[in-house]
Amino acid sequence: MAREIVVELPRTAYYTGEVIEGTVVVEASRDVSSRGLYVDFTGTEETVITRQQGKVALSCPNCGGPPTNVDRFGIATCSYCGTRFLVR
Ligand SMILES: [Zn+2]
């Protein structure tokens, strides 16, 4: 088996300043000495402006799932993937 490094993240969208938690899996065919592992993440930002009137019912920008647990700032949590997004 070839050496492989896989980063497993619970979701693909994050807000500015949000802590990313996940798992880094290192697979090797034999014991490999190492002095450390550096992981760099590069992100892209995508902004979608939607004009609507009245009550807003948006779906998750990551997976299209329905929003739940809208907090007092209008931030909802996707019931499927856990992405947080603005609903009003
Ligand atoms: Zn989602």
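A few points about this structure:
- Inter-site label distance for Asp71 and Ile5 at 7 Å from Cα along Cβ, in nm: 3.2 nm
- Note, ³J(HN,Hα) from phi for segment 23-37, Karplus 6.51, -1.76, 1.60, rounded to Hz, x at Gly and Pro: 10, 9, 9, 10, 10, 9, 7, 8, 4, 10, 6, 8, 9, x, 9
- Using a Förster distance of 25 Å, the FRET efficiency for Arg35-Cys81 (Cβ separation, nearest 0.05): 0.10
- Vicinal HN-Hα couplings computed from phi for segment 7-22 (Karplus, 6.51 cos²θ - 1.76 cosθ + 1.60; Hz; Gly/Pro x): 9, 9, 10, x, 7, 10, 10, 9, 8, 4, x, 6, 7, 8, 10, x
- Least to most buried among Ser79, Ser29 (fewest other Cβ within 10 Å first): Ser29, Ser79
- Ranked by how many other Cβ atoms sit within 10 Å of their own Cβ, fewest first, the residues Thr44, Thr77, Thr23, Thr83 fall in the order Thr44, Thr23, Thr77, Thr83.
- Largest-first ellipsoid semi-axes for the chain, taking √(5λ) over the Cα gyration tensor eigenvalues, angstrom: 37, 13, 11
Taken together, the values in this text are just the output of simple stated rules run on the coordinates, not laboratory data. Everything numeric here is computed off the predicted structure, so don't read it as measured data. Heads up, the Cβs are rebuilt from the backbone with ideal geometry, glycines too, and the neighbour counts pull from every protein chain shown.
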